[in-house]
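FYI, it's all coordinate maths here, none of it is from the lab. Bear in mind the structure is a predicted one, so any value in this text is a computation, not a measurement. Virtual Cβ from ideal backbone geometry, glycine too; neighbours counted across all protein chains shown.
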Amino acid sequence: MYENIKYEVKDQIAFVTVDRPKALNALNEDVLSELYKAFSQFECDDDARVAILTGEGKAFVAGADIAAMSKMNALEGRNMMILGHKLMNYMEAIEKPIIAAVNGFALGGGCELSMACDFRLASTKAKFGQPEVGLGIIPGFGGTQRLPRLVGKGMAKYLTMTAEIIGADEAYRIGLCEKVFEPEELLPEAEKIAKAIIQKAPIAVGSAKVAINNGYDMDLKSASRFEIETFTAAFGSDDKAEGMGAFLEKRPAEFKNK
Ligand code: DAK
């Protein structure tokens, strides 16, 4: 079904792996389309509660495919840009968590792809950067927008204008990743974190993502209003009755996603 990615669901976790190691998992139209399909599969599968996105080999994703882009005219470039934005906006809209497990190079479009995930776990071998200006372009998959939202305007401009590639510790320091692990620990730790989320109420977890992602771009008053509505949906769920009942009865909650 897929040629450039792997998709596997195990213990309610969807593992999405970009699998094009000979080009350091660079994103071309096929990879972008397959990722879109994989995340649609994840969204519709009630047995998959959390996705972990990673890369095969020494890269997470080393960027958009430079060889493919070098041959594109402006219209073809625009089409690819639409596809990339569609994918990354879609990942943010899915009401289930998507974790980036950044195993290696996350450059250009790869850094942008990781930023469309809900949070980033990095291996000590991870390298982040937006090197586009060295290629005569600027970030084209939302990097000029998501990077400042994560690390602040000044740092986003610094990274984008200098094209500096930073390691995991610096990425952690500036808020571009949330945790750093030894390479062999990255996926097991990502799995542990996914399992911890799976123990929580699914509607509440999904609603938290919706509230944070949508409210972030609103003014505080509108965002507060939006939180009230999102909160109310979770408050009316059976899982709220179960979660609070379980606390009062001093037993573990058994959430039903209702
Ligand atoms: N695209 C295509 N091939 C790539 C690639 C990439 N981004 N990155 C690596 N490769 C290929 C290399 O060409 C090489 O292929 P062969 O020569 O073996 O055939 C193979 O992967 C292994 O790479 P290296 O031999 O270079 O490996 P090293 O370990 O020596 O170096 C590296 C690793 C990551 C430092 C180096 O490969 C590198 O600098 N790669 C390019 C990184 C980069 O500049 N990435 C940003 C790309 S620009 C847009 C939307 C979005 C974007 C643009 C436009 N619109 C739709 C218009 C986004 C742009 C970008 O992401």
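Which of (1) in contact with a Phe, Trp or Tyr (Cβ under 6 Å, 6 or more places away or on another chain); (2) at positive phi does Gly63 not meet, given it meets every other one? Of everything listed in (1) in contact with a Phe, Trp or Tyr (Cβ under 6 Å, 6 or more places away or on another chain); (2) at positive phi, Gly63 misses just condition (1).
Of all residues in segment 191-216, those satisfying the criterion of being under 19 Å from Ala93 (Cβ atoms) and either surrounded by fewer than 16 Cβ atoms within 10 Å (Cβ to Cβ) or in contact (Cβ under 8 Å) with a residue 60 or more places away in the chain (or both) are Ile197, Pro202, Val205, Gly206, Ser207, Lys209, Val210, Ile212, Asn213, Tyr216. Going through (1) in contact with a Leu (Cβ under 8 Å, 6 or more places away or on another chain); (2) away from the ligand (no atom under 11 Å from the Cβ); (3) farther than 25 Å from Thr160 by Cβ; (4) not in a helix (DSSP H, G or I) one by one, Met1 falls short only on (1). Here Phe60 clears all of (1) aromatic (Phe, Trp, Tyr); (2) in a loop (DSSP other than H, G, I, E, B); (3) under 19 Å from Ile99 (Cβ atoms) except the condition numbered (2). If you go through segment 146-169 and keep only what is surrounded by 13 or more Cβ atoms within 10 Å (Cβ to Cβ), in a helix (DSSP H, G or I) and within 16 Å of the ligand (Cβ to nearest atom), you end up with Arg146, Leu147, Ala156, Leu159, Thr160, Thr162, Ala168.
Per the listing Gly143, Gly134, the residue uniquely free of Cβ contacts under 8 Å to residues at least 60 places away in the same chain, surrounded by 15 or more Cβ atoms within 10 Å (Cβ to Cβ) and near the ligand (Cβ under 9 Å from one of its atoms) is Gly143. Look at (1) more than 9 Å from the ligand (Cβ to nearest atom); (2) in contact (Cβ under 8 Å) with a residue 60 or more places away in the chain and you find that Lys37 fails only one, number (2). Within segment 60-117, the set of residues being among the aliphatic types (A, V, I, L, M), near the ligand (Cβ under 6 Å from one of its atoms) and surrounded by fewer than 19 Cβ atoms within 10 Å (Cβ to Cβ) comprises Ile66, Ala67, Met81.
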